[in-house]
Amino acid sequence: SASAEPAKNNKQPAQAPVTTTANKVQENKNTLFQYSTINALMKGQFDGEMTLGELNKHGDTGLGTFNGVDGELTQLDGKFYRYTYDGKMVEVGKDAKTPFAVTTHFKVTKTAKIQPVKDMTELNKQLTSLITNKNDFYAFKIHGTFKTLKTRSEEKQVKPYPTLPEVLKDQSIFETENVTGTLIGFYTPNYAATLNVPGFHYHVISDDKKKGGHVLNISFDAATVQIDEIGNLEVKLPQTKEFHDADLTTVDPEDVHKVETDQQ
Ligand SMILES: C[C@@H](O)[C@](C)(O)C(=O)O
Ligand SMILES: [Zn+2]
């Protein structure tokens, strides 16, 4: 018999899924990639398996440290720089490894004017007022001339590693003025405090690639901030015995706050 005509599909075409504005925005939001967690770093897990080359696939703008916590890592325009314990800025090749770093393919979702900032508390307050979704992550870039800049670095450690707070008891501190460069910052919601530094975390690098490090305090006149709102988080978990064996729930976020901010 003649093959039956395929049944007419007289059903209405499937309704396109309803996407709310939020979903649409959600789909387009950026991703923050991080290797390991701040709690693992706090506990002295200073040897990661991730190379900077691998990290670079996940972003062009970021911060962190190097194995052995050998100085402060700043990533700008896809290049990695180490600010050393003795205050030198050196570019680092892609074979180096990191025990903790965050990166994103920086995408400006909004720019805003920042009024003069007398200290980091003031900067954090102004950026907080620009954060529309406090439970999203954010990345920031501010290029400008920083009237005062207080940064830190730390010395490469040897095994058996101490904890991060113990290392940072001997951090080196640098206070400079009128530094023109780029401030790179990340905002982590408090609910994610076991994964990343809750609140704001900034590293900086001068245009002449001579100064930088982890920012403890800063002041500057009016500037423009580029904001990258992030709606996705990717955490690469170290596949190391020490990571698997560790109890990563016992770090007090207050201890993280203490090592990340200016205590002097
Ligand atoms: C090495 C540390 O100082 C680090 C990762 O920059 C931080 O926790 O702030
Ligand atoms: Zn830092």
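The values are calculated or read from the model by the stated rules, or taken from the named source; none is laboratory data. Bear in mind the structure is a predicted one, so any value in this text is a computation, not a measurement. Don't worry about glycine lacking a Cβ; one is built from the backbone with ideal geometry, like all the others, and counts go over all protein chains shown. For the accessible areas, the whole protein counts, side chains as well, though only heavy atoms, and no ligand, DNA or RNA atoms are used. Shrake-Rupley method; radii C 1.70, N 1.55, O 1.52, S 1.80 Å.
Remark: accessible surface ordering of His201, His143 (largest first) is His143, His201, probe radius 1.4 Å. Which of rounded, prolate or oblate describes the stretch 142-231 when judged by the alpha-carbon gyration tensor and an a/c cut-off of 1.5? Since a/c reaches 1.5 but b/c is at least a/b, the shape of the stretch 142-231 is classed as oblate. The angle separating the long axis of helix 120-130 from the principal Cα axis of greatest extent in the chain is about 10 degrees. Applying the Kirkwood pairwise sum to the alpha-carbon positions of the stretch 89-205 produces a hydrodynamic radius of 16.5 angstrom. Each principal axis of the Cα cloud of the chain was evaluated for its coordinate range; sorted largest first, these ranges are 88, 47, 34 Å. Segment Glu177..Asn28, full-extension length gain: 49.8 nm, with 0.36 nm per residue of separation and the alpha-carbon distance subtracted. Using amide H atoms built in the peptide plane, which far-off residues or other-chain residues are under 5 Å from Leu216 H to H? Here the answer is Lys150, Thr151, Arg152, since their amide H atoms fall under 5 Å of that of Leu216. Helix-only arithmetic for the chain: the sum of -39500 (n - 2.57) across DSSP H runs with n ≥ 4, divided by the residue total, places the mean residue ellipticity at 222 nm at -4500 deg cm²/dmol. Taking every protein chain into account, the accessible area of the chain amounts to 50 square angstrom per residue (probe 1.4 Å).
Looking at the stretch 45-110, none of the chymotrypsin sites (Phe, Trp or Tyr not before Pro) sits in a DSSP loop with at most 14 other Cβ atoms within 10 Å of its own Cβ. Shape index of the stretch 54-134: Rg/Rh, with Rg the Cα radius of gyration and Rh the Kirkwood radius from the inverse mean 1/r over Cα pairs, equals 1.05. Residue pairs exceeding 32 angstrom between C-alpha atoms, taken from Lys29/Lys97; Lys150/Lys241; Lys94/Lys118; Lys156/Lys258: Lys150/Lys241; Lys94/Lys118. Hey, for a label at Ala222 modelled as a point 7 Å past Cα toward Cβ, could you say which residues of the stretch 96-113 have their backbone N under 14 Å away? Zone members listed by number: 112-113.
Summarising the label geometry, the points placed 7 Å from Cα in the beta-carbon direction at Asn232 and Lys113 lie 3.5 nm from one another.
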